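Working notes, beginning with the structure itself.
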Ligand code: SF4
Ligand code: SF4
């Protein structure tokens, strides 16, 4: 910044009370209508989850993880469970694998539906906020029927899952999927062909694959650059059932700017993600095998773990979510658990993406990366 | 042609109005009526003291130390009194899962609002009974 611009610059805070900032805050340096510097601050949501995990047994640990991101609770709790199962060296029953995978994909859909609504609200398209949220209710009803809770589901447990599918759950899940399949083309039409939406998102927050790698972005943000980077395919998990399904990693490759993605591409990417998830669930539903949902021997093995280290990971809605777990011999609680949320990277990439954009576009840049505050303040 | 299209539009609008007027409202007249909760709803607990063996597994399973056990308080042969602190409970269901003697269950009662924090500390007597009657409103019966 040259000295004469600095004279004109005004420093201002975006958040934490701003309605679009759901508790986070970024310091912006503004010259006229343009932002020249953005300094995102983390820490407003800090709950010392990693320390809390050190005092919780391996069965209680997932409860902390799922509270990191309530929107994708089925996905959020999984990396910890995966790490515990890796250290104990257990494999869960087939039925549990399939049920886990189905619910994780349902959770992904639910989270993305929430994001469509939220992002549209930030752009001022309120019809598109409320319509997907009506469909989202049906997924929440399914979660409630299955686990007894709408958000804090605590579904998976080391060694299997805690709740079994029954007729009612299957019926509700089917209804939720049917409703979404019916409405998805309408939502796509409403957003992607809306002139307002196109004007506000085309060419905004453009970055290339190399940039994304350098900043540590993952998930839909990097797939929108045309690179099929997905943990579900690249690093398959033993205790999930993605190998039973025939599916492709969805990628958007926009001919206008190959290898790069803007806010519009990321929206298209998230529509594709939902379609893929529906496809995966639809293929898995007839394949649910009979049998137990939890292996009591495996579960007993996870009461006390041997010394070891493991890296549990899952392809979350917002990107790669991992937990690194270290245990000591015969430990009932972890020695150290390190959570890697996908959103810390996307939040701090605002530092590079925002300068140069107008103040009105700031929230579009932020929203297009789909960060969730719970993931960057552990 | 224009005339027909306008008539079609009017018909569509009327159809919507009629449908919205006669369809059931999405909202409930809370607290006089409530929606139906699924069977597995993790609401407040109920403790069945006849079955309890004072094993203390529920206390050990709880991640937030919401349960206190008093083994000297006996009503039956070998039961114990449980004190629940609903300012702490996160309704995770681990205590219910840990109880192997069918002595602890969740109920679909989820609205626990009280005028003070102290009222959320449930004593053994309160946790053994369900004080709420099923509610009735306009002939519809819920919960
Ligand atoms: S539901 Fe969970 S938090 Fe509540 S008392 Fe039982 S174990 Fe503790
Ligand atoms: S309620 Fe169940 S787990 Fe708790 S002390 Fe009684 S028998 Fe044991």
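If residue B:126 satisfies every condition in (1) within 15 Å of ligand 1 (Cβ to nearest atom); (2) surrounded by fewer than 17 Cβ atoms within 10 Å (Cβ to Cβ); (3) closer than 23 Å to residue A:57 by Cα but one, which is the exception?
(3)
From the list B:74, B:44, B:60, B:68, which residue is away from chain A (no Cβ under 14 Å), surrounded by 11 or more Cβ atoms within 10 Å (Cβ to Cβ), within 24 Å of the chain's Cα centre (by Cα) and within 16 Å of ligand 2 (Cβ to nearest atom)?
Going through B:74, B:44, B:60, B:68 in turn, just one is away from chain A (no Cβ under 14 Å), surrounded by 11 or more Cβ atoms within 10 Å (Cβ to Cβ), within 24 Å of the chain's Cα centre (by Cα) and within 16 Å of ligand 2 (Cβ to nearest atom): B:68.
Kindly evaluate residue A:25 against the criterion of being within 14 Å of chain B (Cβ to nearest Cβ) and either farther than 21 Å from residue B:60 by Cα or in contact with a strand residue (DSSP E or B) (Cβ under 8 Å, 6 or more places away or on another chain) (or both).
When the stated conditions are applied, residue A:25 does not pass them.
Could we say that residue A:322 is out of contact with any helix residue (DSSP H, G or I) (no Cβ under 6 Å at 6 or more places or on another chain) and not in a helix (DSSP H, G or I) here?
No.
Which of the residues spanning region A:151-180 are within 24 Å of residue A:268 (Cα to Cα) and under 21 Å from the mean Cα position of the chain (by Cα)?
Passing the criteria: A:176, A:177, A:180.
Which members of region A:155-187 meet the condition of being under 14 Å from residue A:110 (Cβ atoms) and in a loop (DSSP other than H, G, I, E, B)?
A:155
Any residue that is in a strand (DSSP E or B), under 30 Å from residue B:86 (Cβ atoms) and within 16 Å of ligand 1 (Cβ to nearest atom) - is there at least one of those in region B:33-43?
no
On the basis of being touching a residue at least 12 places away in the same chain (Cβ under 8 Å), outside any helix (DSSP H, G or I) and crowded, with 17+ Cβ neighbours inside 10 Å, does residue A:221 make the cut?
no
Looking only at residues in region B:49-74 that are within 15 Å of ligand 1 (Cβ to nearest atom) and part of a loop (DSSP other than H, G, I, E, B), which one is nearest to residue A:58 (Cα to Cα)?
B:63
Just to be sure before I move on: is residue B:24 assigned to a loop (DSSP other than H, G, I, E, B), farther than 26 Å from residue B:125 by Cβ, over 22 Å from the mean Cα position of the chain (by Cα) and more than 13 Å from ligand 1 (Cβ to nearest atom) in the structure I sent?
Spelling it out, residue B:24 is indeed assigned to a loop (DSSP other than H, G, I, E, B), farther than 26 Å from residue B:125 by Cβ, over 22 Å from the mean Cα position of the chain (by Cα) and more than 13 Å from ligand 1 (Cβ to nearest atom).
How about region B:82-119: which of its residues are surrounded by fewer than 16 Cβ atoms within 10 Å (Cβ to Cβ), away from chain A (no Cβ under 14 Å) and on the phi < 0 side of the Ramachandran plot?
Scanning region B:82-119 gives B:87, B:101, B:111, B:112, B:113, B:114, B:115, B:116, B:117, B:118, B:119.
Hey, residue A:173 hits all of (1) within 14 Å of chain B (Cβ to nearest Cβ); (2) out of contact with any helix residue (DSSP H, G or I) (no Cβ under 6 Å at 6 or more places or on another chain); (3) modelled with pLDDT of 90 or more but one; which does it fall short on?
The number of the failed condition is (2).
Name, by its number, the condition in (1) within 13 Å of ligand 1 (Cβ to nearest atom); (2) crowded, with 16+ Cβ neighbours inside 10 Å that does not hold for residue B:79.
(1)
Residues of region A:133-154 being in a helix (DSSP H, G or I) and either within 12 Å of chain B (Cβ to nearest Cβ) or at positive phi (or both), which ones?
Hits for region A:133-154 are A:134, A:137, A:140, A:141, A:142, A:143, A:144, A:145, A:146, A:147.
Pick from A:31, A:90, A:52: which is under 29 Å from residue A:328 (Cβ atoms) and without any contact (Cβ under 8 Å) to a residue 40 or more places away in the chain?
Sole residue among the options that is under 29 Å from residue A:328 (Cβ atoms) and without any contact (Cβ under 8 Å) to a residue 40 or more places away in the chain: A:52.
Quick check on region B:87-109: of everything there that is assigned to a loop (DSSP other than H, G, I, E, B) and more than 13 Å from residue B:43 (Cβ to Cβ), which residue is nearest to ligand 1 (Cβ to nearest atom)?
Filtering first and then ranking leaves B:88.
May I ask you to list the residues in region A:35-58 that are in contact with a strand residue (DSSP E or B) (Cβ under 6 Å, 6 or more places away or on another chain) and more than 24 Å from residue A:219 (Cα to Cα)?
A:35, A:36, A:37, A:53
The values are calculated or read from the model by the stated rules, or taken from the named source; none is laboratory data. This one's a predicted model, so the numbers in the text were calculated from it and none came from an experiment. We place every Cβ from the backbone using ideal geometry, glycine too, and count neighbours over all the protein chains shown.
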